[in-house]
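I have placed the structure first, in the form of structure tokens, so that the comments after it can refer back to it.
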Amino acid sequence: MSTIMIVEDDPKINQLLQNQLEKYGYHTVNVEHFDRVMEVFKEIRPDLVLLDVNLPKFDGFYWCRQMRQESNCPILFISARDSKMDQVMALENGADDYITKPFDYDVVMAKIRSQLRRAYGLYAPQEGERTVEVAGLKLFLERMELMMHESKVELSKKEALLLEALMNQYPRVVSRERLLEKLWDEQFVDENTLNVYITRVRGKLKDMGLEGAVETVRGSGYRLRAVWEDGQ
Amino acid sequence: MKLFLRDQWAFAAFFLVQMILLLLIFTLDGYWNESLMIYAVFLSLFFAGAFMVVRYLTHRAIYQRLSNPVESLEELTQTHGNAALSRALDETFLEHYRLYKEQLHAYENKQRDYTTFIQQWVHQMKTPISVIHLLLQNEDDPVAESVREEVDRIKRGLETVLYIARLDRFEQDFIVEPVSLQSLAQNVLAENKRLFIRNQVYPELKVDGQWRVESDEKWLSFVLNQLLTNAVRYSAGKSNKVTVRAYERGSSVALEVQDYGIGIPQQDIRRVFQPYFTGENGRKYPESTGMGLYLVKEICGRLNHGVELESEVGEGTIVRIVMSAVVPTLQERKKAES
């Protein structure tokens, strides 16, 4: 399990980041006294650091330089400052990447994963595979596979994203807008394409004997129904 | 010279009148010696002329100063010779210059403090927005969606404020480098995905990977952001497509955002780049601030890009940014074509 150190002086952002990271199986450590950043750093030897720029006493650039003398672990800046100069400064002080506030969890998680992968190898043993589970139906996000008892299907990236959204929200409804947003990474996705993906996901679920698991809720969106449990 | 003559005209006239007066007094008194009088007149005129010439030479700098337009404030600090009048003038000018500079500095300081304050304030506001943004991310009910929409609006507003404040110090905050138009457009489109989805407008991207321009990525992104926001806003409900395309134009590359929305009335087109101008569409869409296109024009001006706008009511609008392409790309292209 990777240990991530969060150096952020806003308690709420700190807490929210911790919750999110722990949900995805990372171990987090935060800093309470901002004059003792290095002590904490040396003590826990984190695998990755999330570092704010505006901190009491010294700024993040200073701490980044200090950390660099001790370790080569990935350091990611999180900051509200978004000028080019700040980003250049961050990189020159030894950071690996720069995320500007306000950010999406998706972006932070993706950057953390890519940094960890780069620093510690593709399938680092300490990184547990991300899975989402709803009543026995298991989605493996790295392998993009869906599993139910013994049956298993392979998914495309978009199908996996779609199912992740539905399973995360289970048993609530996910709006079409939200699904479109999730699917839109480099290439945008329009309504028709979403319909196509929904049909494909339904098809794959049907192959596993789970017909009707994705339910259309008129006027609002889609919902996952644990049809396989109803029968039992 | 002209000014000198105009200035000294009264003196010359006075001198001549006085000379004639003297001659008259002598003549009327009965004293008449033609050659002596001519000699006296000649001598007087000679000395008066010499006086004028010396006077002109010593004060030439002043007359030149006074008859030529002032081009810069620094001209006030020049000296104008050693005559009493020149020195007095120099001192006065210098004093004015100093006073003016002082006021200018005071004003500049105030302006800088204000800009700094605005920037800091915007950054402070980003923390609560980040918190709200994070809190909402895993929520998917209509209320959360609605709050998310408002947060997006605040974010957009703050962004604009920040960029306006930054415009003052543009020179310190830009780095020109080759920018790939394709990845730039993809990033900006992805950043705005919620805006597109919410308005049920879908982008069509026609930008090849080969197009690279000399520009600053951040400022250019902001420009594209503004154009897309406008395009979506004025398309909503009328059309569901916005096209972003890039193509060659002479030795330049044009990046174009085209919408098929309501368009801009003919009489407003001339003025859309003026600050705070919202025109007829501004009245229909209360969110218009009139700053978007003004900023686009300003920023493109500083980045050395051209901006063009075509619009037809009911048909849509095209805004085009014309940039110089990174040279190797164009040459390679030419070679490949021939």
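A compact table of results
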| read-out | value |
| --- | --- |
| Separation of the B:Asp113 and B:Met37 label points, Cα + 7 Å toward Cβ, nm | 7.7 |
| Residue-level accessible surface for A:Asp35, protein heavy atoms, 1.4 Å, Å² | 90 |
| Helical segments meeting 30 Å axial Cα length and Kyte-Doolittle 0.0 threshold in chain B (DSSP H) | B:2-28, B:34-67 |
| Listed pairs B:Lys126/B:Lys284; B:Lys155/B:Lys238; A:Lys138/A:Lys204; A:Lys158/B:Lys155 exceeding 21 Å between Cα atoms | B:Lys126/B:Lys284; B:Lys155/B:Lys238; A:Lys158/B:Lys155 |
| Share antiparallel - DSSP beta bridges, the protein assembly as shown, percent rounded to 5 | 70 |
| Å² per residue, accessible surface of the protein assembly as shown at 1.4 Å | 54 |
| Shielding score for B:130-137, defined as the mean number of other chain Cβ atoms within 10 Å | 6 |
| By accessible area with a 1.4 Å probe, ligands and nucleic acids excluded, highest first: order of B:Ser288, B:Ser251, B:Ser235 | B:Ser251, B:Ser288, B:Ser235 |
| Length-normalised contact order of segment B:2-97 in % [C-alpha pairs under 8 Å, at least 6 apart] | 22 |
| Carbon plus sulfur fraction of accessible area for segment B:156-203, probe 1.4 Å, in percent | 47 |
| Chain pair B, A: total accessible area buried, heavy atoms, 1.4 Å probe, Å² | 3200 |
| Taking segment B:177-332 and dividing mean pair separation by its residue count, relative contact order in percent (alpha carbons under 8 Å, at least six apart) | 25 |
| Long pairs among B:Lys193/B:Lys218; B:Lys206/B:Lys241; A:Lys42/A:Lys84; B:Lys2/B:Lys101, criterion Cα-Cα beyond 24 Å | A:Lys42/A:Lys84; B:Lys2/B:Lys101 |
| Rounded D (µm²/s) - segment B:177-332, Kirkwood Rh over Cα pairs, Stokes-Einstein at 10 °C, 1.306 mPa s | 101 |
| Full-extension gain in nm, B:Leu136 to B:Asp168, via 0.36 nm per residue minus C-alpha separation | 8.0 nm |
| For segment B:13-73 versus segment A:2-43, the gap between their alpha-carbon centres in whole angstrom | 93 |
| Nearby aspartates and glutamates by direct alpha-carbon distance to A:Lys111 (threshold 12 angstrom, same-chain neighbours under 8 apart not counted) | A:Asp96, A:Asp97 |
| Relative contact order (%) - criterion: Cα under 8 Å, at least six apart; region: chain A | 13 |
| Averaged over A:153-161, number of beta-carbon atoms from partner chains that fall within 10 Å | 0 |
| Residue-averaged 222 nm ellipticity for chain A, from DSSP H runs of 4+ at -39500 (n - 2.57), nearest 500 | -12500 deg cm²/dmol |
| Accessible surface, 1.4 Å probe, highest first, among residues B:Ile38, B:Ile299, B:Ile118 | B:Ile38, B:Ile118, B:Ile299 |
| Per-residue [θ]222 nm for chain B (sum of -39500 (n - 2.57) over DSSP H runs n ≥ 4, rounded to 500) | -21000 deg cm²/dmol |
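The values are calculated or read from the model by the stated rules, or taken from the named source; none is laboratory data. Every value quoted in this text rests on a predicted model; they were computed, and no experiment measured them. Glycine also receives a Cβ, built like all others from the backbone with ideal geometry; neighbour counts cover every protein chain displayed. These accessible areas exclude ligands, DNA and RNA; they are computed on the full protein's heavy atoms, side chains included. Shrake-Rupley method; radii C 1.70, N 1.55, O 1.52, S 1.80 Å.
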